[in-house]
Amino acid sequence: CLQSPCWGWLSQGICEGVEAAVALKAAVASIKCMIARIWRGILRVNISEDYLRHLGESVIPAYRAAEGNQSIHILLDAQGEFVTILLLSFWESRAALEAFRDPHKPDEFLLASEAATVYEVAAAEKAAGA
């Protein structure tokens with residue numbers, strides 16, 4: 001993970017001082033590489049149960065079975081007659097994510113959707129007792 005171009009500014013100390021940059025780079029270096037993928041869509045509340053059933057029957061099992069998948073999370077935000085849904089998945093590497101063939105075909109349910117965005121996880125910490 002630390003091979004990406006974004007780490008250049010850390011090594012140059014262009015942060016809030018050289019000490020902060022060095023401390024952040026050291027903390028991140030101790031974290032196992034992980035990739036996050038976020039997909040967002042909007043649907044009507046009246047079909048949200050059907051869509052969640054579709055995810056549970058078809059999509060989530062494929063994510064769970066995919067080599068390199070660490071976890072998959074469904075986030076919902078209902079606002080009036082619309083629901084925004086996020087699919088947040090974590091992967092052990094970019095290669096594992098790229099090898100995954102996403103079965104998610106949401107067009108029949110959604111009013112709008114965005115292309116998935118992929119991020120390197122720079123820091124991760126479990127809550128005490130987790």
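Candidates are the residues of the range 89-116 that are of a type in the set (S, T, N, Q) and under 25 Å from ILE47 (Cα atoms); the one that is surrounded by the most Cβ atoms within 10 Å (Cβ to Cβ) is SER89. Could you say whether any residue in the range 49-61 is surrounded by fewer than 16 Cβ atoms within 10 Å (Cβ to Cβ), part of a loop (DSSP other than H, G, I, E, B) and without any contact (Cβ under 8 Å) to a residue 40 or more places away in the chain? No, because not a single residue in the range 49-61 is surrounded by fewer than 16 Cβ atoms within 10 Å (Cβ to Cβ), part of a loop (DSSP other than H, G, I, E, B) and without any contact (Cβ under 8 Å) to a residue 40 or more places away in the chain.
Scanning the range 80-130 for residues that are part of a strand (DSSP E or B), under 17 Å from SER48 (Cβ atoms) and of a type in the set (Gly, Ala, Ser) gives ALA112, SER113.
Each reported figure results from applying straightforward, stated rules to the coordinates on display, with no laboratory input. This is a predicted model, so every value here is computed, not measured. Every residue, glycine as well, gets a Cβ built from its backbone with ideal geometry; the counts of neighbours run over all protein chains shown.
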